[in-house]
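Worksheet: one structure, shown below.
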């Protein structure tokens, strides 16, 4: 859209797809570091834009030259064999239609009901499914895909890296994430930022510059436009961090530490804890962590296994947590030995624990109090890190054997 045309319409075209707009008409709430506040993310913007959205050459692909250019790129980026494709921020479904025409099975998602309605019309009879939902957390449940395709969406999200992490979990082994993004004047997100985020998880990331190909945009462009294709490797042996937690009992009370300056769950209470280092077993790890955090010098005979919990934080990788119990007095008087990481050590009643705790730790102590020994605690990606007394419990208790095997 050229400068001087309908500015309201220009502002309406951010979260679904963006292309050849003059950056002077971009929403002022967006900047080059990526991200966009609620004013440019409301569905009203995209609903109002739906009927005229396809007038942009790279949106509607009505020009045969532009359509052929995008069809060629899609063919290069998607697998050679028919695959399951998730198109996020699909707009009116133009790229989804190209993927369907090339033999792929497509699920398309857009937050705008009007955009989704237009996409359904465009994809009618193709077998494609169109859903209304947030591209950052698409409503696809436990389904996994061979390709996640995203065009001109990441730059408008409030937390691009969090969206990338979640999209990565939607891919099957051997799958790929295809991102088409750019920087338009003062808006957009540079390729270097997304590439850095992807290279930490992907087996390979291919960076393809698109600015020089005028046939994609219906005109010459001079700004940064690019595609990143990140590949998931084949299945690997599953590994998890092992962490250890110390429950020091003083009668009916337990010792809790308030996290500070760690970058995770700061301000919340947690049991003294840490993770096992290379070469350590869990007993050695909890003894070391007890000494480092509380100054208590425990011996193996001071410890009893209280609980084993596999847990996963919001948007994080799973961990295996071992909770150990020790009686007050064993190893000396506890004190805050890491004031740079802990703002408070305190005793709290086990049967009336505070609410301002890390959620999985609270779940572990609740299970411990109830006499359970094995628990799975699995956050959804949009769950809070903090315990929510009104929220749904994520703890699943696993039954333990109660006797010897049959025949013994």
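Nothing in this text is a laboratory measurement; each read-out follows from the coordinates by a stated rule. It should be emphasised that the depicted structure is a prediction, and the values quoted were computed from it without experimental measurement. Ideal geometry is used to build each Cβ from the backbone, glycine not excepted, and the neighbour counts take in all protein chains shown.
Here are some notes:
- Whether the range 241-397 is rounded, prolate or oblate, judged on the alpha carbon gyration tensor where a/c under 1.5 counts as rounded: rounded
- Distance between the range 224-246 and the range 276-304 - C-alpha centres, whole angstrom: 29 Å
- When the Cα gyration tensor is reduced to axis lengths a ≥ b ≥ c, the ratio a/c is 1.5 or higher for the range 96-175, and with a/b not above b/c it is classed as oblate.
- Taking a point 7 Å out from the Cα of residue 261 in the direction of its Cβ, none of the residues of the range 290-333 has a backbone N less than 12 Å from it.
- Inter-centroid distance (Cα atoms) of the range 328-358 relative to the range 151-172, Å: 37 Å
- Among beta bridges that DSSP assigns inside the range 225-362, antiparallel share in %, nearest 5: 70 percent
- The gain in end-to-end length when the residue 169 to residue 288 segment is fully stretched comes to 39.5 nm, 0.36 nm per residue minus the alpha carbon separation.
- For peptides 53-59, 302-308, 132-138, 121-127, sequence by mean Cβ density within 10 Å, most packed first: 53-59, 132-138, 302-308, 121-127
- Packing, taken as the mean count of other beta carbons within 10 Å per residue, orders the peptides 314-326, 335-347, 98-110 from highest to lowest as 98-110, 314-326, 335-347.
- Value of relative contact order over the chain, rounded to a whole percent, pairs C-alpha under 8 Å and six or more apart: 12 percent
- Calculated Cα extents along the principal axes in Å (choose from (i) 78, 55, 38; (ii) 81, 65, 41; (iii) 97, 57, 47), label: (i)
- Rounded to the nearest angstrom and listed largest first, the equivalent-ellipsoid semi-axes of the range 149-261 from its Cα gyration tensor are 41, 19, 10.
- From helices alone, the chain scores -6500 deg cm²/dmol at 222 nm; the rule is -39500 (n - 2.57) for each run of n ≥ 4 DSSP H residues, then divide by the residue total.
- The chain: antiparallel DSSP beta bridges as a percent of all, rounded to 5: 55 percent
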